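Notes follow the structure.
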Amino acid sequence: RCFDDDNIIHVVEDVTKAEAVDPIADIDAIDYELILSDLEMVERRIDRVAKQARNDKSAAAELEFLKRLKSELESEVPARNVECDENEREFLAQIALLTAKPVIYACNMSENDFANNTNRHYLAVKEIAAAEGSEVLPICAELEAEIASLEKEEREMFLTDLGIEKGGLDLLVQRSYHLLGLISYLTAGKPEVRAWTITRGTKAPQAAGKIHSDFERGFIRAEVISFEDLIACGSLTAAKEKGLVRSEGKEYVMNDGDVVLFRFNV
């Protein structure tokens, strides 16, 4: 929460404080709860790896890292802020700790503060996000509630009047994809138009495999056009006439918003 409103009680309202709204304290409280959960997992992992290390010297490196990780967590340092080399990152990935996951701080502000992004609470959260490599997203839940109640055309007009290109929910999805290294490609046909989520850098055969393993196994080529080009042309036929539909092979790296027809033979 990054707004002040005497009519809305803060979830951790403290009458002893001059000011109860404190997003930094909120972040610390959430991190503390998650760290306690992670500590239990790390301690259980240490017990298992310690037993393996008696007869397996390769487990010794993981045990040493886990002990250092436990010490950092006990010092209230989230796992995402613990320095790791390549091998240690692999150890960390095996535990799937809550505080190791990427973070987006959604800062809920008043309508006035949302318009200019100068809210001091928001700026304080931005500093924390920048220091740990997290994302921060300014939103106004009050505006989002109004937007959600509107039809598509009314919503677009409402956002235009506010000088906003996209609503907070759309931006949250985009930031989440970016933070997780994900993109989407599209398949379109008579039955349906569908988006498929893949990791950025995925090549065409592996992207085809998201639909069905046979598509990857028997991959021949991919006929590709960007979403923007397809919309501008109005139809796939018109796009083909303009030479905008490309034939790509096994080494093609998929782009966000590609519209694809996979050719395969099994």
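Here are a few things to note about the model shown:
- Residue within the range 92-109 that is modelled with pLDDT of 90 or more, of a type in the set (D, E, K, R) and closer than 30 Å to ARG45 by Cβ present: yes
- Those residues of the range 48-74 which are under 32 Å from the mean Cα position of the chain (by Cα) and farther than 18 Å from ASP85 by Cα, in sequence order: ARG48, VAL49, GLU74
- Tabulated pairs, the range 1-16, first aromatic (Phe, Trp, Tyr), second modelled with pLDDT of 70 or more and part of a loop (DSSP other than H, G, I, E, B), C-beta under 8 angstrom, 6+ apart or interchain: PHE3/VAL21; PHE3/MET109; PHE3/SER110; PHE3/ASN119
- Scanning the range 22-50 for residues that are farther than 30 Å from CYS2 by Cβ and either touching a Cys at 6+ places or on another chain (Cβ under 6 Å) or surrounded by 12 or more Cβ atoms within 10 Å (Cβ to Cβ) (or both) returns MET41, VAL42, GLU43, ARG45, ILE46, ARG48, VAL49, ALA50.
- Number of positions in the range 251-265 that are closer than 11 Å to ALA222 by Cβ and surrounded by 14 or more Cβ atoms within 10 Å (Cβ to Cβ): 8
- Every pair of residues 6+ apart whose Cβ atoms lie under 7 Å, when the first sits in the range 140-154 and is within 12 Å of PHE114 (Cα to Cα) and at pLDDT below 90 while the second is part of a helix (DSSP H, G or I) and acidic (Asp, Glu): CYS140/GLU111; GLU142/GLU111; LEU143/GLU111
- Qualifying residue in the range 234-243 (condition: surrounded by 15 or more Cβ atoms within 10 Å (Cβ to Cβ), under 28 Å from VAL173 (Cβ atoms), at pLDDT 95 or above and not small (Gly, Ala, Ser)): no
- Among the criteria (1) in contact (Cβ under 8 Å) with a residue 60 or more places away in the chain; (2) in contact with a Leu (Cβ under 7 Å, 6 or more places away or on another chain), the one TYR122 does not fulfil is (2).
- Scanning the range 193-224 for residues that are open to solvent by 30 Å² or more (accessible area, probe 1.4 Å) and of a type in the set (S, T, N, Q), we see that the one that is nearest to GLU251 (Cα to Cα) is GLN206.
- Residue satisfying condition, being out of contact with any strand residue (DSSP E or B) (no Cβ under 9 Å at 6 or more places or on another chain), open to solvent by 40 Å² or more (accessible area, probe 1.4 Å) and more than 25 Å from LEU261 (Cα to Cα), within set LYS190, LYS152: LYS152
- Any hit, the range 160-169, residues being within 25 Å of VAL266 (Cβ to Cβ) and either in contact (Cβ under 8 Å) with a residue 24 or more places away in the chain or open to solvent by 50 Å² or more (accessible area, probe 1.4 Å) (or both): no
- First in the range 56-76 and charged (D, E, K, R), second anywhere and surrounded by 14 or more Cβ atoms within 10 Å (Cβ to Cβ) and in a loop (DSSP other than H, G, I, E, B), Cβ under 7 Å, 6 or more apart: GLU72/VAL82
- Scanning the range 51-83 for residues that are open to solvent by less than 30 Å² (accessible area, probe 1.4 Å) and at pLDDT 90 or above gives GLU62, LEU63, PHE65, LEU66, LEU69, LEU73, PRO78, ALA79, VAL82.
- Screening VAL193 with (1) touching a Cys at 6+ places or on another chain (Cβ under 9 Å); (2) without any contact (Cβ under 8 Å) to a residue 12 or more places away in the chain; (3) of a type in the set (Val, Ile, Thr) gives one miss only, at (1).
The values are calculated or read from the model by the stated rules, or taken from the named source; none is laboratory data. As the structure is a computational prediction, the values presented were derived from the model and not from experiment. All Cβ positions, even for glycine, are placed from backbone atoms using ideal geometry, and neighbour counts span all protein chains on display. Remember, those area values only see protein heavy atoms, side chains included, never the ligands or the DNA or RNA. Shrake-Rupley method; radii C 1.70, N 1.55, O 1.52, S 1.80 Å.
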